[in-house]
Structure formats: C-alpha cells, structure tokens
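Engineer: One structure, pasted below without further comment.
Laboratory data are not the source of any read-out in this text; all were calculated from the coordinates shown. Predicted model, so just to flag it, every value in this text is computed and none were measured. Virtual Cβ from ideal backbone geometry, glycine too; neighbours counted across all protein chains shown.
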C-alpha cells in the first residue's frame, strides 16, 4: 500500500545548519518552484525573472515529512523515491540512512525498525554541482563536466541558466506483507526468423503468484503461478514503428498475495529486433591508401530497413519535475501525427520519466536515448567514472526493455573540437562496456554525429552565405541527425515573454537576448534572423508580419531538408531535425512546437514531408526573377511497406494568381515497397507577371500531392539587377 | 621443482579411437613437425612439399607421457602447460580432467591424488576448427571466422595453408611444498606528473616471502617480507622507446620458502604512460553539415608525442611452436637497429610467446597488439562470443603489464568490405569492454585502419598506373599502418625453395605460385612484379639481375614512404610498413627480412629513413630524361628529443659518373626538438650525359646525410619520346 507524504521545505547555507523557515513542498517538484510559490516570486518565464531564481542553485535544501507508523498493521515499511535531484542525504529520525549522487536512482529504504513509531524523514539536497576540472571559465555549461545532471540546465542557446533541484519523481511510503518491494522482470528473446518469442516472467517473491499474458487483441494466451515462468509464443505480433505497422503490445498482469489481500501489477511488452546496418554505397572506398568505411546508421526494425524520420526531443519544461503523462502525451501525439517514427532524446537533456517511454511504446515512436553527456569534455576522474557507472546503470534500468528503445548513444557532439573527447575517452568506453554487458541487442553509438553523419546547420542562410536549399541538395550524408531552421514563436507564445509591443521593432535587449532572440548561438541574430528575413522580404511593418515571414522561411527550410534527406535514400537513412519542442518561451528557436504547446506552421510542412508516400520537387533555390529558368527534379518518395501501382502525376507551375500552367504529366510506373523513384528534371521559364510575389510548383498526385511556394521578383532580390539594366 | 616429460604422439580419425602407431614428440612442438621427423617427410618449405602436410589438419592427435610419482616427497603435484593448440582434452590415468578450446590458456592441473602412483597423461588435440558460419566457400581463410587460431595459417598472400596443432608452449610437471602455483603480480600507478610510481607487489602465498626491488642501475631500492607489499618510488626512471630515451627497466625478485628450500622468481617492470591523442589539424571540419573528426592516432609516451616508425610483425615461422627467445632476439635486434620504435603485431598471426614481449621491453620497442581477428566477419554466435571472451582474457594475461605494450586493437581490416564488420559488431564491443575493464590505461582501437588512417598500397606501381612516389606525396593520412613494396627474396632464401635454375626465366608454375611469386594477391604478378621491373629496366639477363632490380624498386619505395610519412608530421604520426618478416621462404614479398633471417637491401634504406634526424628530398618520380627538370622539396626531419643547432646542408646532383654538381647550400636555422623543418623546392635541369643510367640527389649533412639514386634515360622510359622526335 502506498501513502503519499506531506512535505515541507527550507534552505540553508551549509550542510549542517537547519532552515530558518519552511514552507510547503510539492512532490514530485522542484525547490525553485516551491520557493517561488511560497514567497510569491514572479513567473520565471516572464522577461528576465529567471535571474531571481539563480541564487537557489547554491543552497542546501531540506525536505521534511512525517509518517505515523504507530498503527501500521503490516510487517514491512519502506520509503520509496523514484528519483531525487541531485546529490542528497536521507535522514530517518535524525539518523543518516542513505547518501547518493545521481538523479536516476530508485531509492528503497527499509523502515521496518520504525514500525510502531512516528517516522521523520529528512532529505538534504546539496547545491548544484559545479566542476572546476579542465574549465576554461566559470558559469558556463562546462561546469557540468563532472556530473550527470542535464547540461542544458547550465545554459544553452534555447535554455536559460536555471538548474532544478528537488524530489523530481514520485516518492511515497509503502507498507506491505512482503519483505521486498515487488519488482517484476519481464524479458524475451526472438528467434532468428522472429516467429517464436520466448518469454521469461520473474518476480522477487517466494510464494505462488498469478501471471496472465494477454495478446494485443485482449486474448489471454498464458497463465501461470510460479514466481518464475517461461513460455513461448508462436508467430508473435511484432512491434512496429509509426508508418511501418502497428505498435503491437502484449500485456502482462501479475497478482501477488499480500497478507489477507493481494496486489496487482501490470505492464506492456513489445517484441522487436533492432540493428544498425551499413548504408548503401558506403562499403566502397577511394583508391589506396584505403581508410575505413563510414559506420552504419541504417536502422533495421524486425529486419526491415527504416527511413528514420523524426526530431530531437529536448524536454518540454525547464522544471522537468512538472512532466506528467498528460504533458508528454500532448506532444508525443503531435510527433506521431507528423508521420515521425523516431525521437532522438538528446544528451543535453534529462532521461525522461518512464511514462514517456510507455507512451512511445504505445504510439510506435522509436527512441534514440543518449546518456547525459553533451558538448563537454567529461574527464575520467575517479569520482566521475564511479558516478557515471552508477547513473548509467540506473538509466538502463529505466529505459531497457521498452519496445520503443532502439539506440543508445554516449552523448551529443563529443567528437568535435568544442567537446574534445575521442574514441579513447574512458567515459565513452565505460558506456560502451555497460550497455554491451546489459543490453547487447541494442546498438550503441559513441556520440552523434559519427563519420558520415551530419549536424547542422541551423540557419536558413548559412554562415557562408549559401541558402539551406542549395547546401542540402549537395550534401551527401548517411544521416542528418541535427539540422535546424529558426523561426519566431507564435504570438501566443511571445506574449508569455513580454508585452508584444516591446517586441517591435525587434531589437536586442535584456529580454530578447535572455529569450534567445539575439546572441543565442554566438553573437548576432540567433535566433531571430531578422536581417535574413529582411533580405528576402524587405522591411516588415508589424510584429505579426515579421513573425509570419520568419515562419515562412522555416516552413520552406524544414520541408526541403526532410524531403531532400529522403531523396538521398538509401545512402541516407535518417532525418532528425533540431528540435521538436522547447522548455520555455523563446523569441525564436529551431523548434517546431513553441512553449508550452503551440504549433508553428512548419509543423504541417514537416508532416507532409514525412508522409510515407510523397511526390516531391528538388528545386534549386527559393527566389526567382521573371524570365528566369525554374528548374527542379521530380521524385516519388516511398517509405511505404507496400509497392505503389502506376500513377499519373500532373506537374503545374503557377505565378502569382494566374492560372496554373500544366507543364508535364509524369507517368510513374510500378514502384517497389520502401523504394524511391527518380523522375525527370523539368525546366520552365517563368513568365513576366506584374505584381506577382510568388510562384508555385504543384504536383497533383492524390494523397501524395505537394505544393511549393517560392518567391518571385521580390524587391530585395531584383534590386541589384537594376545596375545591369542601366549598363 | 619442474620436470620435463618425454612425450609420444600418434593420430587417429575419431575422438574415441587410439593411434595405431606412436612416435616421439617434441614439446613445445607441432604435430606436423613430429610426424615429418618420424616418417621422413621432406621439408615443407621446399617447392610444394607443404601439400603433403595438409591431411594432418583433419586428424585427432594424441600426446602421451608418463610421470613416476611413486617417490614424490613434496605434498603438491601439478601439470602445467602454457599453451596447447587448439581444442583439446587432457586425461590423467584415462580419466578426462580438463577440456578447453583456445591456445592461450595456461593450464594448471592439480595431480595431488596421484602422488605415490604412476601418472599417465594423455592430451587429445582435436582437428583444426573449420567454420561454416556465413561462409561463401570452403577451404578459405573464412573457415577461421569462429575460432581464435591465427587466420594466416588458413592461407594468406605470403603463407601457405598449413595449420599447426600441438603443445606449442612449455609443458611440465611441478612438485612443490606450496599448495598453489606461484603467481607473482606486480603492478604500479604513476601520478599525473609521472614523478612518483606507486608499486604493488602481490603473491598468492600465505607466509612471509622476500621481495627485492632493484633500479635499472642495480641498486636495491626496496625490500619487504609480506606477500602483499606497497611502496612508492620518487622520480622513477621512465621506460622510453627506441630513439626517445632508455628503456629503463626495474627488477623485482621474490624468494618464497618452499619446504626445506626456497624458490626464487624475478621479472622486470618499466614505468610509462601511453595515450592516443588527436593528430594536428584534425579537429577542424569542413562546412555544415558537420560530421566528426578523424580519431586520434598520435601515440604519446610519457606525455611526449612519438612519431611511431615501425613494421608489421607477421611471425617468423609457420610453426610458431619453434619460436625461441633466440629466434625472436635476432629479428628484434634488426628492428631496433633500423631505428624503429614500434611493431604492429598483426591480428592475422599469433599473439607471441611471452619472451617476445620481454625482449621488446628490453629493446624499447612499442607493441601494438591485435586480437586474433583478421579480414573475416566474426559472427557473434554464442559459441564464438564465449570463446573470444576466454581467449581475450588469456591474451590480456600474457601481454598486459609489459612496458612495451602500447595499443590494443580488435584486429585487422575489419571495417572494410572484405570483412564486413562494423562498430556494432558484438565481437568488437566485447573486446573494447574487456580491455576497458582490465587495462583501462591502454588505448583500444577497434581495428586498423580507422578513418584517416591508411592501408596500402602494396606495389611500386599501383593498380591505377601511378608510381608509389607520386601517390604518397599526395596522400594525407594521419597514420600509415600498412604499406608495402614487394621485392624478390635474396638468392640464399630463394634456394631454400627450389634449385635457382628453375627460377629463371621467372614464370608462373606450381612452385612459384605456391611461394607467392604469382597469384598471391588476386591474379597476376604478385609479388614478383616482373613486368613492372621490366618497364623500368628492360629485359633482365639473369635471376641475379632480376632480383637486384626488383630489390632496387623496394629500396626506393620504402625509403620514400617512410620519409614522406615523416614529412607529413605532425598531421601524420605513424609509419608502419607491411611487413617486417616472413614465415617461410617466399619468391617475393613485401617483407624486409626474408626467411629465415636474410636482410633485403631495403632494410638499410628504411634504417636511414628512420634515423631521428634526417635530411630528405621529396622528388616527384623515379625516372627522368636528359634535359628534364629534376624537382624536389627539401626537409630536415627531426624526431629527436633535442633541438638542432643551425647547420649547413650542401645539395648536389650527380648524373652517371660525372662529378656531382653543387646546386645549393641550404642554411638550416635552429630547430626545436621533435619538429621538422621545411626547406626550399629546388629545380635542376638534367644535362645530357651519354651512357649515364642514374642521377643522384645528394644531401651532405653529416650524420643526417641522404643520397637518392634515380633513373636517368632508361630505354623503356625514353622509347615513347622517339615518336615526338619524329613528328
């Protein structure tokens, strides 16, 4: 039986002192939010209020609660906490019973000796860890390089420095007639042909129990009574990711006698195999001296090569204690509805609560899970190696066995100059080793990107002056595991930051910088990109117009990159944009969803780009002049599990509001399942149409139809032309 | 006390049958050699005699020996075997006591129950393992893909198919008053500054012992009596590789009381740290999308970046049982005298006997040790994974702790199409994991080459028609871990193969093919390259002339590549040619030493190229016409640990027997230690000299002097010119 506790909280400056005042604490929760609620601090999301929360990272925070065990009639009493952030000591009736560093540990504290007494629990949470190992400067994200808290909390280009502390997962008292906390362990192996699943059901009790195993249709297919049962399922329904089949889940139920009564547990399990295979055309090498081939990044699910389409998940809240199944579900449903099949759970953020993985299981969303390393050099001190080993094992406990779990990764961008780690880094050798020992059937990547895979860029016009449309069609990567195009947040999101009238004209100031409109990624206009917007559209007359124009570029960019990555299949096998969500309201960001859950227009374009079957055009650039040649290559993209019957695709071009001109009827033949088809390259000389500002490529192909809006005769673009005319 | 046994040997067709006849066996030895000695088989090295040995790979071989323990007066009796090749059962008085697969296990068999009796030992060695997992065809090296025998034994481009079996390491009876075989365990850690070594001396006995620890000058610096001692050495003399300092070794001595007497053990230990650091200019990446940087391959010894110069060691004998400290020493002395500092112990061959590592410790030769995987795809069957784990641990026991040991590597060319393994291959994840657990301070490479590192080519004129001199100066690798230039063996080696008169004219036949003159690497003239030789020199008139001409090309090629790799320092940090030695007499091969120990002329050129300080010229190609411009870049290469004082280098060119012409005096300034200096590019129009066949570049620079002999007006080369003249 579970009993929640009523917690109080206070802070002090040293480990041994006691808080002067205490106030109510929410569990799960964060000390900063509890303090803010108690003392009326303004919303950290508004303007620069978050700075008023900063001091809290350096305090000791003392949680306390009482449990009256005087009338406890069951023989076993335990305190269970599923995650405390980050370094802490637990005292029971003033005696220190447990100390730990790490936020992913499930603590199970035996309190039997206190039965018949009043139990006082005290949890002292230590200040935020700040490394000084190999540090170039203080107050930077490098301070995270000796701990397993999320690096993003220390400040990122979409996240302020605001570092949560507290009991971030469920915590409660358990009374029981069983000597041990119940831990069911369900595992399976699939045979080579995947037509037999061998199940193992285990639970840590000594007596008879009741097991039931139910198929996805609700039919009971196994019942047993031993704490350890094994059985086989012939022709099991496999778990498939979104777009490739149903995410079939079986249900296990366990009933354990518990004194006069009994307790029931249940969970889901999906059968799948996953591997990373070599991408097409990567084995061949140039002439001698020969080096190695690029590593494999084609994800095979149940033996079928998947084109992985998805996004980087960076956490929908700064205070991750606030994440609930409902909060996860509203965003994961959007992931699924965008025809995505994978999330890269980026190493700068937390490893999510288990409900996240339950929902991904249910929705058919593959999870690439990184360990909490990102962009820093995690020096292999004795303390860090011990800590990482411990946290990695706790993370594996949390994630492993979920049907959705497809890839382990050591962390983000560790093999680049700004991190400085290499294949020789002991932290990464440790993670390879632990994951190999515990989950050998899940692939492990040391980091992202690896050779052949690409990260970036994150702008519509790159630092070298080239447009994303131009760069991407000349790229040749095996996977695009990060790429971004920034856009302003929607107005409903922006007004969480400040009064909208403060945002136009859009200029750099404390608020717009703090919320990543300026100086977010290096110095300059990241992420607002207002000069880029102006270079395409001229001066904007209102915030709404500026926002719309920026969001138009994001739509164009994301649609193009997702489709281009798919056009490069099978050499390319993955497209994962940076990023899906954001943890607080940003002025502008690469995200597709703005805080807390507002959909940017690019979302719908990505959803189209990720349809299993899509007719697409690879055009050369975004803007054209009258009488210029519009050139584009046609592709019919098929990630579908079925072949496509022959079809007709009508290709039209429309300038301004003129009638669309049919320029071709493309006769597409029968196409194999999971195979693209390259069509012709079309050229069309754009007519002179006065007052037109756009031209459209329209591919009429039923459900696979596409429409691309390009810019026509925009004043900024044709201005330089005048010179030539005057000559 | 050790007692050798007298062994008999016989063979049979099944595991349960008994040999019909037996004959004397040598231990250490190989069954093939014993059989050949007993039945007068001709030398396997002559012509195609090795084919007469082939049938033996499919037999069960039964060793037997007797030990009279009736008068044994010590309480403990053991059988010890330091390596049996490959799968075997050990019977004592007809009872099976031990079964094992793997050649690197030290077997310690308790025979106490037989004291007072006559002990009959029988060792049944199983036939050669032949995999059928994922096999394209039988009788190829792929048959090795489920075992840990050396792949080379199954046939390679310098090795016939001839697969040893037998007790290949020392085996003996031990009587003792101590219950366990003595296993001293000496380890140390160096602090970060490397100025304190913390020693741990351990031995598996319960009583007091005598320890002595002696510094490299012979001075006793520690004495102790406990089976477990710890002490520190301040300012220890570090172990350095050849060319960078003395290979300082300390000596430990252990005296253990053993009944009325005592036994003494001793060994050497050297203090060093080793790491792989990023090569110069490898962190920077091209434009977005950004991938990863090439992995690190600059070997740092005691914090100092080393230019690793060395060779691939492929084993000096087909029957590796025959390797003795003396046999190792004669070749390792040559390695050292060639100014080399590293050997890559290639994964196709055995892991050497421990005396090899003792000698490398003593001579300052770094060892890159591969696990026994090469070019195949080692599928992760349950059997193979168990076996590999077992053998890997036994190999680590053999190698770890040796001062010379610098790098672990998973095996040879596993990430190339002809193998098909990847970073995801479980066999390699296992090896990374085991080496991390047991020897975290020794770098691990999954395979060679990795990205940025180069293998090949292996010809003077590449398959694409380009000369090695041209290709290498345009290569840009971080390390060259294999590169070869073939040459005929010396005449004294060739006459071990057949009567020399059979070798001229050199044509493909059973003998010249079997000994790798033809069809060794694909079809054609590997390794004799007679058409290439003819294209430079015209028809040869004798075997001696043909051999000399081929060896000339090898001299030129190897000298150029070693120097060129050094010129590319610091981006390049390693040059390891393919290969040093050969296991039997080859007609031609990339080796520098021919069987058994005959030095090819290229050896002396490599020794010059590897001098710590060398003046070198990067010329464009080997052959020139009269009136053609001879162009070359000057470099002073300094791998030395000291800076170089300013010096004058006189540059001369000599055509034929004319007097050398001084074309420049290069004033070289002060140069930092361990740093190259780039000089000018010189151009000299070659004069017309009748009857001259060579021109020389001479760099007169004292000990750093160099001389390059190039070809001048060779008839084959100038022939096409005539066309132009006739126009």
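Engineer: Regarding the stretch B:485-610, what's the average projected area of the Cα-atom convex hull, expressed in nm²? Please list the in-between numbers first.
Structural biologist: Numbers: hull surface 31.2 nm².
In nm², the orientation-averaged hull projection of the stretch B:485-610 is 7.8.
Engineer: Could you work out Rg/(2.2 N^0.38 Å) for the stretch B:613-726, with Rg from alpha carbons only?
Structural biologist: Rounded to two decimals, the normalised Rg is 1.21.
Engineer: Another one. Tell me the distances, shortest first, between residue A:438 and the same position across the other copies, using label points 7 Å along Cα→Cβ, in nm to one decimal.
Structural biologist: 2.4
Engineer: How long are the semi-axes of the equivalent ellipsoid of the stretch B:1-57, defined as square roots of 5 times the Cα gyration tensor eigenvalues? Whole Å, largest first.
Structural biologist: One finds semi-axes of 22, 17, 9 Å for the stretch B:1-57.
Engineer: Another question, if that's okay. Given C-alpha coordinates of the protein assembly as shown, what is the ratio Rg to Rh with the Kirkwood estimate of Rh?
Structural biologist: On the Cα set of the protein assembly as shown, Rg over Rh gives 1.00.
Engineer: Sticking with this one: Calculate how steeply helix B:382-399 sits against the longest principal axis of the alpha-carbon atoms of chain B, using the helix alpha-carbon long axis, and give the answer as 0 to 90 degrees to the nearest 10.
Structural biologist: Computed tilt is about 80 degrees.
Engineer: Here is a follow-up. Let's test the formula: R0 of 51 Å, r as the Cβ-Cβ distance of residue B:625 and residue A:672. What FRET efficiency results, to the nearest 0.05? Provide the component values of the computation, followed by the final result.
Structural biologist: Working: r = 58 Å, r/R0 = 1.14.
The calculated FRET efficiency here is 0.30.
Engineer: Shortest first and in nm to one decimal, what separations exist between residue A:3 and its copies in the other chains, measuring from label points 7 Å along the Cα-to-beta-carbon line?
Structural biologist: 7.5
Engineer: Further question: For the stretch A:536-644, with equal point scatterers placed on the C-alpha atoms only and solvent neglected, what are the log10 I(q)/I(0) values from the Debye formula at q = 0.15, 0.21 1/Å, to two decimals?
Structural biologist: The Cα Debye sum returns log10 ratios of -0.78, -1.19.
Engineer: Under the definition of Cα pairs under 8 Å and six or more residues apart, what whole-number percent is the relative contact order of chain A?
Structural biologist: Numbers: 1726 pairs, mean separation 72.7, N = 727.
So the answer I get is 10 percent.
Engineer: Step by step: find N for the stretch B:185-269, compute 2.2 N^0.38 Å, then divide the Cα radius of gyration by it. What's the final number? Write down the numbers at each step before the final one.
Structural biologist: On the way: Rg = 14.0 Å, N = 85, 2.2 N^0.38 = 11.9 Å.
Relative to the rule-of-thumb radius for its length, the stretch B:185-269 sits at 1.18.
Engineer: Which FRET efficiency value, to the nearest 0.05, is calculated for residue A:662 and residue A:260 with the Förster distance at 60 angstrom and r the Cβ-Cβ distance?
Structural biologist: For R0 = 60 Å, the calculated efficiency reads 0.15.
Engineer: A further question follows. Binning every alpha carbon pair distance of the stretch B:256-311 at 10 Å from zero, what are the percents per bin?
Structural biologist: 17, 26, 19, 13, 12, 7, 4, 1
Engineer: Now, a different point. With n ≥ 4 as the cut-off for DSSP H runs, can you work out [θ] at 222 nm for the protein assembly as shown, using -39500 (n - 2.57) per run divided by the number of residues, rounded to the nearest 500?
Structural biologist: -5000 deg cm²/dmol
Engineer: Of all the residues in chain B, which one has the C-beta that comes nearest the axis relating B to A, and what is the distance in Å?
Structural biologist: Per the Cβ-to-axis criterion, the result reads B:433, 2.
Engineer: Relative to the longest principal Cα axis of chain A, at what angle does helix A:354-363 sit, 0 to 90 degrees, rounded to 10?
Structural biologist: That works out to roughly 50 degrees.
Engineer: Is the shape of the stretch A:236-371 rounded, prolate or oblate, going by the alpha carbon gyration tensor and its root eigenvalues a ≥ b ≥ c, with a/c under 1.5 for rounded and a/b larger than b/c for prolate?
Structural biologist: Details: a/c = 2.36, a/b = 1.74, b/c = 1.36.
Prolate.
Engineer: Now, a different point. One decimal, nm, shortest first: give the distances between the label point of residue B:539 and those of the same position in the other copies, each label point 7 Å from Cα along Cα→Cβ.
Structural biologist: Result for residue B:539, in nm, nearest copy first: 9.0.
Engineer: If you rank A:566, A:618, A:611, A:202 by fewest surrounding Cβ atoms within 10 Å, what's the result?
Structural biologist: In increasing order of surrounding Cβ atoms, one gets A:202, A:618, A:611, A:566.
Engineer: Where does each of B:345, B:685 land when they are ranked from fewest to most other beta-carbon atoms within 10 angstrom?
Structural biologist: Ascending Cβ contact count within 10 Å gives the list B:685, B:345.
Engineer: For each of A:26, B:87, count neighbouring Cβ atoms within 10 Å of the residue's Cβ, then give the residues from fewest to most.
Structural biologist: In order of increasing Cβ crowding within 10 Å: A:26, B:87.
Engineer: Here's another thing I want to ask about it. If only Cα atoms are counted, what is the Rg of chain B, and what is its Dmax, in Å?
Structural biologist: When restricted to the Cα atoms of chain B, Rg and Dmax are 27.8, 99 Å.
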